[in-house]
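What follows is a single structure, written as structure tokens, with notes after it.
The values are calculated or read from the model by the stated rules, or taken from the named source; none is laboratory data. Please read these numbers as outputs of a predicted model, since none were measured by experiment. Neighbour counts run over all protein chains shown; Cβ positions are idealised from the backbone, glycine included.
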Amino acid sequence: MQLIARGVGHAYGAMPALQGIDLTVQDREIVAIIGPSGCGKSTLLGILGGILRPTAGTVAIEGAPPADSLNPFTYIFQDFALLPWRTVARNIELVLHRHRLGRAGTARIVADVLRRTGLEQFADAYPRQLSGGMRQRVGIARALAVRPAVLLMDEPLSALDAQTRELLLEDFLDLWLRAPMAAVYVTHNLAEALRVADRVAVMSRRPGRLREIVPIVIPQAERTRPERQGEIARLHETLWGLIKDEARIAEREVAGHA
Ligand SMILES: Nc1ncnc2c1ncn2[C@@H]1O[C@H](COP(=O)(O)OP(=O)(O)O)[C@@H](O)[C@H]1O
Ligand SMILES: [Mg+2]
């Protein structure tokens, strides 16, 4: 399935948050969205996933989701969004409940995603008993359980420390490469964008516009290899060059409002 945003804009009341976004997310492609805080990344993600209606422009969907997809558009959030009083397995069951798969069907999917995300031993644990990294694994397991056709991730690793981020990124890419789907990955971390994305969409400060789309042609599996680091460093510089001034101005604006 692919998403095509044409002339998408959004205003919260009189305040324009997004303007003139033209962006296609192809099937089996990961598009990272980077930009200064407050530039409208989460707003755009909400519009792409259909939970927020744009005040200008349209988002077209091309192609049908796989027949076994329970929820074509699925989000993964920074704060994991787990219910603290439910175990890991019961948090995952929650998103399956309304699909009426029966007890055996539900149990089969829960067991499958727990295994794929390395959480088998934690089925009966409560979120508070888990590290941040394990909690986000539950977030990923829960997203995979509904077999999304488009995965929408809003700074999924931002609450985690650097090592945990690296481990989760690796495991996420592993999972994704086995069953690729269209994905949008919002982050303010350039290294993360350079690790996961086929293309990086760079946004300007508020009201967010697309400044540039930078293709990352290095295969994901090669991006940690020493001989690729020169190229990665150059891309990092390119991206940083595009957002540095904007980030500086945005930072002052945010500080001014605080
Ligand atoms: N529900 C809302 N009502 C009013 N303003 C909002 C709302 N959500 C976000 N905003 C404002 O819109 C702008 C873009 O927000 P957001 O999409 O969250 O940016 P980002 O994710 O890039 O930090 C910000 O200035 C933010 O304060
Ligand atoms: Mg945001």
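Couple of notes before you dig in:
- Of the helices (runs of 4 or more DSSP H) lying entirely inside region 83-201, those containing at least 2 residues that are under 13 Å from the mean Cα position of the chain (by Cα) span 132-145, 162-178, 190-196.
- Some residue of region 95-102 being within 16 Å of ligand 1 (Cβ to nearest atom) and small (Gly, Ala, Ser): no
- When region 111-138 is filtered for residues that are among the charged types (D, E, K, R) and touching a Pro at 6+ places or on another chain (Cβ under 8 Å), the ones remaining, listed by number, are Arg128, Arg135.
- Residues satisfying the stated conditions in region 215-228, i.e. part of a loop (DSSP other than H, G, I, E, B) and basic (Lys, Arg): Arg223, Arg225
- Flag for Ala32 being at pLDDT 95 or above, surrounded by fewer than 21 Cβ atoms within 10 Å (Cβ to Cβ) and among the aliphatic types (A, V, I, L, M): no
- Within region 9-41, being away from ligand 2 (no atom under 16 Å from the Cβ) and more than 16 Å from Asp198 (Cα to Cα) holds for Gly9, Ala11, Gly13, Ala14, Pro16, Gln19, Gly20, Asp22.
- Scanning region 11-46 for residues that are within 24 Å of Leu239 (Cβ to Cβ), free of Cβ contacts under 8 Å to residues at least 60 places away in the same chain and near ligand 1 (Cβ under 8 Å from one of its atoms) turns up just one, Gly46.
- Tally, over region 47-74, of residues that are free of Cβ contacts under 8 Å to residues at least 24 places away in the same chain and surrounded by 15 or more Cβ atoms within 10 Å (Cβ to Cβ): 0
The rows are residues; the columns are (1) farther than 22 Å from Ser42 by Cβ; (2) without any contact (Cβ under 8 Å) to a residue 40 or more places away in the chain; (3) polar (S, T, N, Q).
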| position | (1), (2), (3) |
| --- | --- |
| Thr117 | yes, no, yes |
| Ala125 | yes, yes, no |
| Arg128 | yes, no, no |
| Ser131 | yes, yes, yes |
| Gly139 | no, no, no |
| Ala149 | no, no, no |
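- Considering region 108-141, the residues that are loosely packed, with under 14 Cβ neighbours inside 10 Å and among the polar types (S, T, N, Q) include one that is modelled with the lowest pLDDT, namely Ser131.
- Looking across region 202-221 at every residue that is modelled with pLDDT of 95 or more and surrounded by fewer than 12 Cβ atoms within 10 Å (Cβ to Cβ), the one that is farthest from the chain's Cα centre (by Cα) is identified as Val217.
- Note on region 202-214: residues that are closer than 10 Å to Leu18 by Cα and part of a strand (DSSP E or B) total 3.
- Whichever residue in region 228-258 is small (Gly, Ala, Ser) and modelled with pLDDT of 95 or more and, among such residues, is farthest from Ile213 (Cα to Cα): Gly230
- Residue check, Glu231 among the acidic types (Asp, Glu) and closer than 30 Å to Pro54 by Cα: no
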